[in-house]
Amino acid sequence: MSNRFFTFVGGDTGPWRVCDIRTIVGHGMESVSRVEIINEDLQQTPAGAAWALRGVVSNQRYTNRSELDSLKAVQPSLGRTEATCAVLIPITKSSAWWELPQDERREIIESRSAHIATGLRYLPAVARRLHHSRDIGEPFDFVTWFEFAPQDTAAFYELVTTLRKTEEWRYVEREVEVRLTLDQK
């Protein structure tokens with residue numbers, strides 16, 4: 001991946017059809033019918049679009065070596081033919097979260113919330129990519145993209161339901177879930 005920047009554009013064009021937009025915590029987002037993913041750092045929302053969420057793919061910030069190796073061994077690539085379902089989840093965490101030093105955030109994420117271990121249980125069925133947005137001045141801290149086959153929909157929702165019950169999620173101030181399906185050509 002030469003360009004690490006991605007922009008998720010919500011409007012009336014793009015290959016991903018919006019099935020539902022749910023506000024999980026905080027305030028929601030404007031309703032749209034389609035989402036397009038552009039592998040560029042768009043500085044302006046395209047004409048006719050309701051919103052554009054920007055993020056950059058970065059290093060794995062909270063994993064240790066064995067976790068990173070485990071993730072790499074089973075993480076599938078995005079764009080698999082069978083993965084016609086997707087969920088876009090932008091998240092903002094509280095200032096209390098960001099005031100914690102990184103080692104304390106790591107303690108909450110893995111030791112107390114088992115975020116990485118939980119995610120590993122759902123690989124390779126659910127592919128994911130995390131986009132960091134906070135450091136580039138976006139309204140969300142992260143934009144997470146998940147892809148999976150229709151038969152893995154229940155597994156995906158089990159994954160996010162489990163994560164939302166953890167200590168880590170007490171720090172989430174805003175979360176929106178955009179459910180999508182890929183138009184078959």
ask   = Is it true that residue 105 is within 20 Å of residue 58 (Cα to Cα), at pLDDT below 95, outside any strand (DSSP E or B) and of a type outside the set (Gly, Ala, Ser)?
value = yes
>> Is it the case, given these coordinates, that residue 125 is among the small types (Gly, Ala, Ser) and not in a loop (DSSP other than H, G, I, E, B)?
In response: no
By residue number, the members of segment 145-183 that are among the small types (Gly, Ala, Ser) and within 30 Å of residue 5 (Cβ to Cβ) are 149, 155
(1) small (Gly, Ala, Ser); (2) outside any loop (DSSP other than H, G, I, E, B); (3) at positive phi all hold for residue 52 apart from (3)
Across segment 155-185, the tally of residues that are part of a strand (DSSP E or B), among the β-branched types (Val, Ile, Thr) and surrounded by 15 or more Cβ atoms within 10 Å (Cβ to Cβ) stands at 3
Output for Cβ contacts, cut-off 6 Å, separation at least six or different chains, first residue in contact (Cβ under 8 Å) with a residue 60 or more places away in the chain in segment 150-171, second part of a helix (DSSP H, G or I) and of a type in the set (A, V, I, L, M), reads 168/108; 168/109
Residue pairs within 6 Å by beta carbon, gap of at least six or interchain, first lying in segment 8-22 and surrounded by 17 or more Cβ atoms within 10 Å (Cβ to Cβ), second among the charged types (D, E, K, R), listed first then second, are 9/36; 14/34; 14/36
Those residues of segment 77-127 which are closer than 24 Å to residue 17 by Cβ, crowded, with 16+ Cβ neighbours inside 10 Å and not β-branched (Val, Ile, Thr) amount to 83, 85, 86, 88, 90, 122, 125, 127
Checked pairs for segment 44-58, first more than 11 Å from residue 8 (Cα to Cα) and without any contact (Cβ under 8 Å) to a residue 40 or more places away in the chain, second charged (D, E, K, R) and part of a strand (DSSP E or B), C-beta under 6 Å and 6 or more apart or across chains, list as none
Contact list, first residue from segment 79-107 and on the phi > 0 side of the Ramachandran plot, second anywhere and outside any loop (DSSP other than H, G, I, E, B) and modelled with pLDDT of 95 or more, beta-carbon distance below 9 Å, six or more apart or interchain, is 79/147
By residue number, the members of segment 135-154 that are loosely packed, with under 15 Cβ neighbours inside 10 Å and either touching a Phe, Trp or Tyr at 6+ places or on another chain (Cβ under 7 Å) or part of a helix (DSSP H, G or I) (or both) are 135, 136, 150, 151, 154
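The values are calculated or read from the model by the stated rules, or taken from the named source; none is laboratory data. The structure displayed is predicted, hence computed values, not measured ones. All Cβ positions, glycine included, derive from the backbone under ideal geometry; neighbour counts span all protein chains shown.
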